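Questions regarding the structure given below will be posed in turn.
The values are calculated or read from the model by the stated rules, or taken from the named source; none is laboratory data. Here the structure is a predicted model, which is why all the values come from computation and not from measurement. FYI the Cβ positions are ideal-geometry reconstructions off the backbone, even for glycines, and counts take in every protein chain you see.
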Amino acid sequence: MRVEAQQADMRLTDPGQAPATVAEQSLKAATIHIAKLSLSDFRSYRNLQMQTEGLPVVLSGSNGAGKTNLLEALSCFSPGRGLRRARLSEMKRHDATAAWAVSARLRGLGDDHQIGVGFDSGESSGGERRQVRIDGENASSGELRELLGVQWLTPRMDRLFVEGKGERRRFLDRLVFGSDPGHGKRVNTYEGVMRERNQLLRDKRRDDAWVGALEARMAEDAVAIAAARLATLDRLNAALAQGIGPFPSAALAIEGVVEDMLEKMPAVDAEGHFAEALRLGRFKDEAAGRALDGPHRSDLLVTYAATGLPAAQCSTGEQKALLIAIVLANARLEKVEQGQAPILLMDEVTAHLDENRRRALFDEICALSGQTWLTGTDRALFAGLDGRAHFYKVQDSALYLEE
């Protein structure tokens, strides 16, 4: 049937209940899911209307069929630039005359919501701007995140541990969003103020009061950002320590000047120390053309817990397994803390996974009771989800439901 388309031991308990691990509690609470998805002029899709029932969704088809484009559309419901980190204008179908839009009906937790994201060309606003609507009203990305969490794994992330620290830092911040929807706004505010300070230093405008006020704001946001990251890592390490079947347990840490300050002193003192460090570093930052220290330079450190080996020194298969373990542990954690698991987008996730780990992955995403969208070129690799998922064949950006 063709879908309508044209193209440490952590124990969390409730009062009066026996202690339960994160894995045990993750089986209990209902979760929210996308019941209906609509795309208009997004990438290769002219128009798409599809309905689901909350089960995992498997999209199989050849390379270039439109599988990843569909996952990218779903990733637009998360703060930031989506799983490809593309500009909004790049997501528009190449010959479209109208702006692109992605909308969905959310169902679960006893309530339904209509959400949507779209692209404003910027002719009236002075630049690209993403539009967000919830139940027909304009909303912010933070408000959307309070309704729906989205996490993803893509083939590009297979090199997360061996390439630049910027991708690792963004990956960590997406994990922080799960427990702190305001984190993204703080990161954006910090980076905006930092750019203003950098411009003043480049222009050699020596207004100490002005620059000092910007540095004070940077310090306030920097400490809040670093504190949220550290708190997330503490909880995530406890969840990872419980283990997820045959996936290796990871130990996470963060390397950064502000994070290091918070390990040694109260937050109010860390603000003062970092503001002073910025003041003393003005000439150095001016020469470099950028701020050389701060949470925008921090790095996520991942270690294979059983061996003590840094993830960058592990095999390709081990790195993929470590990454999957982190995402699954975070999903468990969100299920307990937020009452719902995030929607997981897993692009070509079965690559480098043996049959034992594929089976464990499928069992875990089903136990989460969340909605996971998976893609692959080989339908047979998802046989472990038979009877537990919706299967679609994707061809030329058209979806065909497989019985």
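Which one of these does Thr68 not meet: (1) among the polar types (S, T, N, Q); (2) assigned to a loop (DSSP other than H, G, I, E, B); (3) surrounded by 20 or more Cβ atoms within 10 Å (Cβ to Cβ)?
Of the numbered conditions (1) among the polar types (S, T, N, Q); (2) assigned to a loop (DSSP other than H, G, I, E, B); (3) surrounded by 20 or more Cβ atoms within 10 Å (Cβ to Cβ), the odd one out for Thr68 is (2).
Look through Asp221, Asp203 and report the one residue that is charged (D, E, K, R), over 21 Å from Glu334 (Cα atoms) and surrounded by 22 or more Cβ atoms within 10 Å (Cβ to Cβ).
Going through Asp221, Asp203 in turn, the sole match is Asp221.
Is there a residue in region 357-375 that is among the polar types (S, T, N, Q), out of contact with any Leu (no Cβ under 9 Å at 6 or more places or on another chain) and either within 23 Å of Ala238 (Cβ to Cβ) or modelled with pLDDT under 95 (or both)?
Looking through region 357-375, none of the residues is among the polar types (S, T, N, Q), out of contact with any Leu (no Cβ under 9 Å at 6 or more places or on another chain) and either within 23 Å of Ala238 (Cβ to Cβ) or modelled with pLDDT under 95 (or both).
Residues checked against (1) more than 29 Å from the chain's Cα centre (by Cα); (2) among the aromatic types (Phe, Trp, Tyr); (3) modelled with pLDDT of 95 or more; (4) surrounded by fewer than 21 Cβ atoms within 10 Å (Cβ to Cβ):
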residue	(1), (2), (3), (4)
Ala209	yes, no, no, yes
Glu259	no, no, yes, no
His273	yes, no, yes, yes
His296	no, no, yes, yes
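So, Asp347, is that one more than 20 Å from Leu252 (Cβ to Cβ), at pLDDT 95 or above and either surrounded by 22 or more Cβ atoms within 10 Å (Cβ to Cβ) or among the acidic types (Asp, Glu) (or both) or not?
For Asp347, the condition - more than 20 Å from Leu252 (Cβ to Cβ), at pLDDT 95 or above and either surrounded by 22 or more Cβ atoms within 10 Å (Cβ to Cβ) or among the acidic types (Asp, Glu) (or both) - is met.
If you don't mind, another one. All but one of (1) surrounded by 18 or more Cβ atoms within 10 Å (Cβ to Cβ); (2) part of a loop (DSSP other than H, G, I, E, B); (3) modelled with pLDDT under 95; (4) not charged (D, E, K, R) hold for Ala291, so report the exception by its number.
Evaluating Ala291 over (1) surrounded by 18 or more Cβ atoms within 10 Å (Cβ to Cβ); (2) part of a loop (DSSP other than H, G, I, E, B); (3) modelled with pLDDT under 95; (4) not charged (D, E, K, R) leaves (3) as the failure.
Here's the yes/no breakdown for (1) over 24 Å from the mean Cα position of the chain (by Cα); (2) surrounded by 19 or more Cβ atoms within 10 Å (Cβ to Cβ):
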site	(1), (2)
Leu361	no, yes
Ile365	no, yes
Leu368	no, yes
Thr372	no, yes
Leu381	yes, yes
Gly387	yes, no
Asp396	yes, no
Tyr400	yes, no
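Starting from residues that are surrounded by 12 or more Cβ atoms within 10 Å (Cβ to Cβ) and among the charged types (D, E, K, R), keep the ones in region 117-134 and report whichever is modelled with the lowest pLDDT.
Here the answer is Asp120.
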